[in-house]
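Input: a single structure, listed below in structure tokens.
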Amino acid sequence: MKAHILVTGASGYLGSVLCEHLLAAGYRVTALDNLMFGQHSLFHFCANPNFEFVNGDARDEALIKELLENVDVIIPLAAIVGAPACNRDRYLAKSVNLEAIQLINRLRSPQQLVVYPTTNSGYGTKSGDTYCTEETPLEPISLYGQTKVEAEQEILNAPNTITLRLATVFGMSPRMRLDLLVNHFVYTAVTDKYIVIFEKDFKRNYVHIRDVADCMIYCIEHSDRMVGRPYNVGLDAANLSKEELALKVKEYIPSFYIHFGAIGSDPDKRNYIVSNQRLREAGFEAKRTLDDGIKELIKGYRMLGRGQFKNI
């Protein structure tokens with residue numbers, strides 16, 4: 001019998017896709033979310049007998065204790081994600097991103113596996129010239145990065161845990177996010193037709209949302225030889241500067257006008273390239289390309305229709 005998985009933040013950008021992949025692989029899924037954005041991204045799973053939904057808060061100790069009684073694996077996705085969102089409500093960010101993880105870690109049994117997704121933004125600014133490995137010192141520059149790095153350390157100090165340092169995720173989801181860099185660049189190209197980019201040479205690594213979901217399932221199924229370590233999760237062919245990313249989008253939308261600003265700065269100072277060798281040696285490799293993602297996003301954005309406050 002397949003394992004029973006608790007996913008917190010299950011109605012979010014990543015959770016909505018992860019639940020789909022888990023159910024398709026035959027797992028039982030209990031999804032926890034407080035639906036703070038009013039999303040309905042899990043409606044289509046309600047007919048599946050292996051799916052259960054709980055409307056609640058990942059910081060509710062009594063609720064978490066009850067939910068942990070019947071599960072084999074915990075994937076804590078509930079988080080305030082991104083530097084701007086965390087800066088908007090710093091107390092909420094620390095409470096959800098760190099204290100909720102500490103709560104789960106305290107209440108679970110050592111036999112319950114935790115697969116914890118964090119962010120490779122913990123590597124900070126760096127130079128963009130040297131590959132960051134899992135041994136590279138973590139130097140987060142935002143509250144978001146700080147809370148995720150502290151939570152990861154909490155998890156890795158406990159038994160039966162795996163942490164995944166996710167590259168910048170891209171791709172369509174029932175609970176879409178337009179602030180992620182690839183998603184944002186394609187959306188801007190489709191809608192506004194132009195973009196102004198500061199610090200065009202700053203580099204990031206990218207990964208498709210469905211590769212992330214597949215990686216989590218791989219971790220569950222191969223946990224016996226993966227526990228106790230962090231893994232970078234990214235696409236090896238996608239260590240790109242913002243300029244390179246914008247020009248890649250322009251290949252599919254030739255009318256996209258790109259202006260590189262010589263004056264000004266991007267509030268997100270991250271600049272690094274990442275090695276995914278450890279994960280590849282463990283047997284998993286991201287395969288969905290940026291080209292796949294861009295074509296997928298263009299197709300998805302056709303479905304958005306008119307904006308609420310636009311006439312076109």
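Starting from the eigenvalues of the Cα gyration tensor, five times each then square-rooted, give me the equivalent ellipsoid semi-axes of the range 77-221, largest first, whole Å. Whole-Å semi-axes of the equivalent ellipsoid: 28, 17, 17.
Per-residue extension of 0.36 nm, minus the Cα-Cα distance of D179 and T133, leaves a gain of 14.0 nm for this segment. Each of K65 and A25 was given a label point 7 Å from its Cα along the Cα-to-Cβ line. The distance between the two points is 3.1 nm.
Evaluating 6.51 cos²θ - 1.76 cosθ + 1.60 at θ = phi - 60° for every residue in the range 6-17, the Karplus couplings come out as 9, 10, 8, x, 6, 8, x, 4, 7, x, 4, 7 Hz, glycine and proline recorded as x. From the alpha carbon centroid of the range 178-201 to that of the range 11-27 is 27 Å.
Extension gain for E285-Q308 works out to 4.3 nm (0.36 nm per residue, less the C-alpha to C-alpha distance).
For the range 48-169, relative contact order (Cα pairs under 8 Å, six or more residues apart, normalised by length) works out to 30 percent. A DSSP coil position with no more than 14 other Cβ atoms inside 10 Å describes the following chymotrypsin sites (Phe, Trp or Tyr not before Pro) in the range 1-91: F37.
Taken one residue at a time, the phi angles of the range 31-47 give Karplus couplings (6.51, -1.76, 1.60, θ = phi - 60°) of 9, 10, 7, 9, 6, 5, 9, x, 6, 10, 6, 10, 3, 6, 9, 5, 7 Hz. Gly and Pro are set to x. Computed from label points 7 Å out along Cα-Cβ, the spacing between L247 and R225 is 4.0 nm. One chain, two ends: Q277 and F260. Fully extended at 0.36 nm per residue, the span grows by 2.9 nm beyond their Cα-Cα distance. Contact order, relative form, for the chain: 18 percent (alpha carbon pairs under 8 Å, 6 or more residues apart, mean separation divided by residue count). In terms of its C-alpha gyration tensor, the range 53-136 comes out oblate, because a/c is 1.5 or above while a/b does not outweigh b/c. Distances between placed amide hydrogens fall under 5 Å for F260 paired with I197, all partners being 5 or more residues away or on another chain. Modelled label positions at D201 and Q111, each set 7 Å beyond Cα in the direction of Cβ, lie 5.6 nm from each other. Remark: the range 101-115, residue by residue, has Karplus-estimated 3J(HN,Hα) of 6, 4, 4, 4, 5, 6, 8, 6, 8, x, 7, 8, 6, 10, 10 Hz, where x stands for each Gly or Pro and the curve is 6.51 cos²θ - 1.76 cosθ + 1.60 at θ = phi - 60°. Indicate, rounded to the nearest 5 percent, the antiparallel portion of the DSSP beta bridges found entirely in the chain. If we restrict to bridges inside the chain, about 10 percent are antiparallel. Using C-alpha pairs below 8 Å separated by at least 6 residues, the relative contact order for the range 1-45 is 47 percent. In the chain, the calculated helix contribution to ellipticity at 222 nm averages -9500 deg cm²/dmol per residue, counting -39,500 (n - 2.57) for every DSSP H run with n ≥ 4.
Coordinate-derived values only; no laboratory data. As the structure is a computational prediction, the values presented were derived from the model and not from experiment. Cβ: placed from backbone, ideal geometry, glycine included. Neighbour counts: every protein chain shown.
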